[in-house]
1. Name every residue in segment 50-75 that is acidic (Asp, Glu) and either touching a Lys or Arg at 6+ places or on another chain (Cβ under 6 Å) or open to solvent by less than 10 Å² (accessible area, probe 1.4 Å) (or both), in order of residue number.
2. Looking at PRO17, PRO106, PRO41, which one is surrounded by 14 or more Cβ atoms within 10 Å (Cβ to Cβ), within 23 Å of ARG4 (Cα to Cα) and either more than 10 Å from the chain's Cα centre (by Cα) or of a type in the set (S, T, N, Q) (or both)?
3. Just one of PHE47, PHE27, PHE92 is surrounded by 12 or more Cβ atoms within 10 Å (Cβ to Cβ), farther than 19 Å from LEU2 by Cα and among the hydrophobic types (A, V, I, L, M, F, W, C); which is it?
4. Based on what the data block shows, is GLU3 exposed (fewer than 15 other Cβ atoms within 10 Å of the Cβ) and either in a helix (DSSP H, G or I) or in contact (Cβ under 8 Å) with a residue 60 or more places away in the chain (or both)?
Amino acid sequence: ALERNPVCLEATRRRSPMAVYEILRGFDGESIYDGARLAQPDEVWNFKTGDGLEKAICMWNIMREKYPEHPWSIEIRDQNACLSCGTHSYCFPTAKGYDGLLLVYPMEFDC
């Protein structure tokens, strides 16, 4: 999802993070898929709809392109998917049922 979705990247190339966040918040809140299956970022962008987790992943894809040196992550708590980097956080309501999930990419391990 973070490596092969050029449509949303091109559409937001000249937009600020807050502008991207506001656009995604304005999209409908329903996933195009039932159950736990997730839409890809370009599907969210093209259909202008998505569950909050899908929107957070879409925004992550965009922010990763704009700021590749920053460590972004998504945490799901209390039915909110929050994309975070440092003091910046962008949250979307989610009903996909992944409460407690933490997504980090790229994963770095201290072994």
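1. ASP51, GLU54
2. PRO17
3. PHE27
4. No, not satisfied.
The values are calculated or read from the model by the stated rules, or taken from the named source; none is laboratory data. These numbers come from a predicted model, not from an experiment. Ideal geometry is used to build each Cβ from the backbone, glycine not excepted, and the neighbour counts take in all protein chains shown. Heads up: the accessible areas ignore ligands, DNA and RNA and are worked out on the full protein's heavy atoms, side chains in. Shrake-Rupley method; radii C 1.70, N 1.55, O 1.52, S 1.80 Å.
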